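Novice: Next up is a structure, given as structure tokens.
The values are calculated or read from the model by the stated rules, or taken from the named source; none is laboratory data. What you see is a predicted model; the values in this text were computed from it and never measured. Because the Cβ atoms are built from the backbone with ideal geometry, glycine has one as well, and the counts that use them run over all protein chains shown. For accessibility, only protein heavy atoms count, side chains too; no ligands or nucleic acids. Shrake-Rupley method; radii C 1.70, N 1.55, O 1.52, S 1.80 Å.
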Amino acid sequence: MEMEMEERNNISNGEDDREEQEDEKMEQFFALLRNFREARNKRKNELKQRDDEEEEMSKQMKKNKTSKLGDDERPSWVPRFEWEDFTAEIEFPRPLIVFPTPYKKKQEEDDGLDLNLTLSSATVKFS
């Protein structure tokens, strides 16, 4: 009887050890999940903070840009056009070449290449 009790205790101790190991593994898994979430949230907050800082800097730069040119100040040069600027005839110092010289067909024949394409029994020539 005592042997049977010892065997049962050993079996139950083995099961208890397995359960403890599984519990430890589960705890490690959940700790890993918590760490991952914390790292993700930390990075998310860092990026949000950086975006907010950049937005604040751009607002500040725009504000500084507009404050540089106050209401009383004007830029040093303001472009002004007159009607004559658009109606005057433009003269070029030399004539412009608009189109290149046309391709000569004699060169095709002199090359000695046969550029005829045949489809079944019909002959088609592209030039």
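Novice: Could you go through the stretch 93-101 and let me know if any residue there is modelled with pLDDT under 65, of a type outside the set (Lys, Arg) and open to solvent by less than 100 Å² (accessible area, probe 1.4 Å).
Specialist: no
Novice: Which condition number does Asp71 fail, the rest of (1) modelled with pLDDT under 90; (2) open to solvent by 100 Å² or more (accessible area, probe 1.4 Å); (3) part of a helix (DSSP H, G or I) being met?
Specialist: It is condition (3) that Asp71 fails.
Novice: If Pro79 satisfies every condition in (1) of a type outside the set (Gly, Ala, Ser); (2) at pLDDT below 80; (3) loosely packed, with under 10 Cβ neighbours inside 10 Å but one, which is the exception?
Specialist: The single condition Pro79 does not satisfy is (2).
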